Amino acid sequence: NTFVAVGNSGNIVRSTNNGSSWDNATSPTGNTMWGIGFGNDIFVATGNSGNIVRSTDNGSSWDNATSPTGNNINAVTFGNNTFIGVGASGNIVRSIDNGSSWDNATTDNSTTNILSGVGVGNNTFVGVGASGNIVRSTDNGSSWDNATSPTSNYLKGVTFGNDTFVTIGSFGNIVRSTDNGSSWDNATSPTGKFLFGVTFGNNTFVGVGLSGNIVRS
């Protein structure tokens, strides 16, 4: 019953009335935060210089967690009792104790490209990023492999719904997988604008991007 948003200068805001009004939470960092995830009653936010912060009281108060990297962590998600964060230089970090401690995941030299989005579904984690890079893990983020990508465009966000992964990015690129991220195909996009975020709810995928562009399926 709580919404949390993070941004510049470590700013954290929260709403407990379905987004009607928002309040500042006291942030333990001045670093820009890029990602926010929730699981097991824990909020985790990630950002510049490997910063990881967490809240155990619905976003009221926050503490720094010890990070295993100095690289920016651009996105974070939760699944199978595991938090996964992805970021610069292909860095992937994980926590299996509700965000208390973190380790670098083994990437098998999957990529050194920036990873900007991460999603989870059907016991599979998928990370996406620069140059169309797509990586996946089927062992709760312990190890990662490259998936064959149908694009070299920057992929920014990824989500999962109805047994389908969808990722979006530059030039309106939309790619999807119906086999748990093993193979991917381009979907026909109605825009050439950069798409930054995508989510799923009520059997609908919605993506948003430049110039107020909104696409849906």
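The values are calculated or read from the model by the stated rules, or taken from the named source; none is laboratory data. The structure displayed is predicted, hence computed values, not measured ones. All Cβ positions, even for glycine, are placed from backbone atoms using ideal geometry, and neighbour counts span all protein chains on display. Ligands, DNA and RNA are excluded from the accessible area calculation, which covers all protein heavy atoms including side chains. Shrake-Rupley method; radii C 1.70, N 1.55, O 1.52, S 1.80 Å.
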Next item on the list: Can you give me the number of residues within the stretch 160-172 that are of a type outside the set (Asp, Glu) and open to solvent by 20 Å² or more (accessible area, probe 1.4 Å)?
Entry: 3
Next item on the list: Please state which of the following conditions GLY181 fails to meet, knowing it meets all the rest: (1) in contact with a Lys or Arg (Cβ under 8 Å, 6 or more places away or on another chain); (2) farther than 16 Å from GLY127 by Cα.
Entry: (2)
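Here is a yes/no grid of residues against (1) over 17 Å from SER152 (Cα atoms); (2) open to solvent by 40 Å² or more (accessible area, probe 1.4 Å):
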{"residue": "SER177", "(1), (2)": "no, no"}
{"residue": "GLY181", "(1), (2)": "no, no"}
{"residue": "THR188", "(1), (2)": "no, yes"}
{"residue": "LYS193", "(1), (2)": "no, yes"}
{"residue": "GLY197", "(1), (2)": "yes, no"}
{"residue": "PHE200", "(1), (2)": "yes, yes"}
{"residue": "ASN203", "(1), (2)": "yes, yes"}
{"residue": "VAL208", "(1), (2)": "yes, yes"}
{"residue": "ILE214", "(1), (2)": "yes, yes"}
Margin query: For the structure I just gave you, tell me whether ILE36 is aliphatic (A, V, I, L, M), open to solvent by 40 Å² or more (accessible area, probe 1.4 Å) and assigned to a strand (DSSP E or B).
Written below: yes
Next item on the list: Read through the list (1) modelled with pLDDT under 95; (2) within 13 Å of the chain's Cα centre (by Cα), then give the number of the only condition that TRP144 fails.
Entry: (2)
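Table: residues versus (1) open to solvent by 10 Å² or more (accessible area, probe 1.4 Å); (2) within 30 Å of ASN162 (Cβ to Cβ); (3) in contact with a strand residue (DSSP E or B) (Cβ under 7 Å, 6 or more places away or on another chain); (4) not in a strand (DSSP E or B).
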{"site": "ASP57", "(1), (2), (3), (4)": "yes, no, no, yes"}
{"site": "ASN64", "(1), (2), (3), (4)": "yes, no, yes, no"}
{"site": "THR69", "(1), (2), (3), (4)": "yes, no, yes, yes"}
{"site": "PHE78", "(1), (2), (3), (4)": "yes, yes, yes, no"}
{"site": "SER101", "(1), (2), (3), (4)": "yes, no, yes, yes"}
{"site": "GLY119", "(1), (2), (3), (4)": "no, yes, yes, no"}
Check: Can you pull out the residues in the stretch 130-150 that are open to solvent by 10 Å² or more (accessible area, probe 1.4 Å), outside any strand (DSSP E or B), touching a strand residue (DSSP E or B) at 6+ places or on another chain (Cβ under 8 Å) and closer than 24 Å to TRP34 by Cα?
Finding: ALA130, ASN133, ASN140, SER142
Note to self: Given the criteria in a strand (DSSP E or B), in contact (Cβ under 8 Å) with a residue 24 or more places away in the chain and within 16 Å of ASN40 (Cα to Cα), does PHE125 qualify?
What the structure shows: no
Notebook entry, point to check: Can you find a residue in the stretch 16-30 that is acidic (Asp, Glu), closer than 13 Å to SER100 by Cα and open to solvent by 70 Å² or more (accessible area, probe 1.4 Å)?
Noted result: no
